[in-house]
1. Along the positive direction of the dipole of the chain (beta-carbon charges: Lys, Arg +1; Asp, Glu -1; about the Cα centre), which of Ser148, Ile322, Leu202 reaches farthest?
2. Compute a Gaussian network model of the chain, connecting alpha carbons closer than 10 Å, and tell me which residue from Ala77, Ala156, Ala379 fluctuates the most.
3. Using a Gaussian network for the chain with springs between C-alpha atoms less than 10 Å apart, which of these wobbles most: Pro285, Pro56, Pro65?
4. With contacts defined as alpha carbon pairs under 8 Å and 6 or more residues apart, what's the relative contact order of the chain in percent?
5. Once you charge only the Cβ atoms, +1 for Lys and Arg and -1 for Asp and Glu, what is the size of the charge dipole of the chain about its Cα centre, to the nearest 20 debye?
6. For the chain, what is the calculated [θ] at 222 nm in deg cm²/dmol (nearest 500), taking -39500 (n - 2.57) for each run of four or more DSSP H residues and dividing by its residue count?
7. Could you give the DSSP H helices of the chain that reach 18 angstrom or more along their long axis (alpha carbon positions) and whose average Kyte-Doolittle hydropathy is no lower than -0.5?
8. Starting from the Cα of Gln303, step 7 Å along the direction of its Cβ; do the same at Val261; then give the gap between the two resulting points in nm.
Amino acid sequence: MDDSPVIKWVKEKTGLHDNLNHETLKAWQREKLSSVAEYAAGRTRFYAGMIDPSAPLEDMPFTLPSDLAADPLAFLAIPLNEVVRVTTLAHSGTTALRKRVFFSAADIERTIEFFSVGMSTMTRAGDRVSILISNPTENSLGSLLRTSLSRIGVEATIAPAIRSVDEALKAAQGADCLVGMPGELLYMCHAFPWLKPRSLLLAGDIVPPPLAATIREIWQSDLYIHYGHSEFGYGCAVDCTHHQGLHTRDADLVFEIIDPVTGKASTPGELGEIVITTLTESAMPLIRYKTGNLSRLIDSRCQCGGMTHMISPVEGRVSNNIPLGNGRHLNIYQLDNLIFVNRSVRGFNAFLKNENGRITLDLVIESREKISPSMLREALFEDISLRVSYGNADPFRQRAKRRIKVS
Ligand SMILES: [Zn+2]
């Protein structure tokens, strides 16, 4: 049994080598944690006086994305002139505040290194990769990925701004591996079933299982799922060739899955919120950062033999839930899991209108076959009116993470 590249990397980085298992990894992470907590408390305004570096992780307070949006500089642990990249992100809360994420040269280097490790699972020297997300500016996600690939002998191109599926085809032709958003790659595989890239990395958005199944069926590609986060240098977890869960970046990050209501650890297999702690002396240390992404801890051992942690692909975002009253909510992931089960669906857009308390869900679906309206109605709440029409749903026309648009 060969270790997957991520496991090999954790073994080397932690120095645990063949002694790596859940217990030794936990002990190693605990030790790293107390030194990084000390670093955070001593170097940042936000954590000074707020955390006790000797406390166990589960006793430390959570950090919220809204904390980061409110005062990004309070998290900065290095002099501003040592910052080599700043990423500005919209905060998904109700304010117009923006999160800013700072990177040092060492943070950038760690990201490149993890990307090289992750990408070596699905590519080999001499391959060509087409990156259909991000852009070629310095230190962007795309250019870090390209640099990481060049280190393992793989040539990568970053597609210029794509505005249609035909432009996406031009960028993708001849590539052994495509890196792209799930909805966009699904649309491409319906439009160009003959393209058949050998491997795919789905990144930048949630991957609904029926969508992945259709891509596998049409293209027969080896399909990998990446979980990333700008706050943690983009790369956080990726699956191996056995596809039994995403192997987490355990030498740089601690993952917890918590019950979003109680804040206590979820039991393995149970859906909860991903909480991440940085273990390195980064420009912006983050302790118990609530990502808002929902996933499960996977307890079983991967077929690759990996004795590290695994999480399931992300199954939703807290911020995507649209409240419908009486504790009910609707999110794009529920719709994706319902509609993409029909293998002929290329894509769809969803719009929710609330007119004086009367809620209407408008679906514009692009598919070869019509979707049974009774199937949709059965799965939705009775008091929501449903309007289904058929039309173009090319995701390249308006590129973004999938969501229900509310008006
Ligand atoms: Zn594995």
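1. Looking along the dipole axis, the top candidate is Ile322.
2. In the Gaussian network model the winner is Ala379.
3. Pro56
4. Answer for the chain is 15 percent.
5. Values: 44 positive and 46 negative charges, 225 e Å.
Taking the Cα centre of the chain as origin, the dipole is about 1080 debye.
6. -8000 deg cm²/dmol
7. Values: long enough: 22-43 (30 Å, -0.90); 105-119 (21 Å, 0.49).
Qualifying helices: 105-119.
8. 3.7 nm
Coordinate-derived values only; no laboratory data. Because the structure is predicted, anything quoted here is derived from the model rather than measured. In this analysis, Cβ positions are derived from the backbone assuming ideal geometry, glycine residues included, and neighbour counts consider all displayed protein chains.
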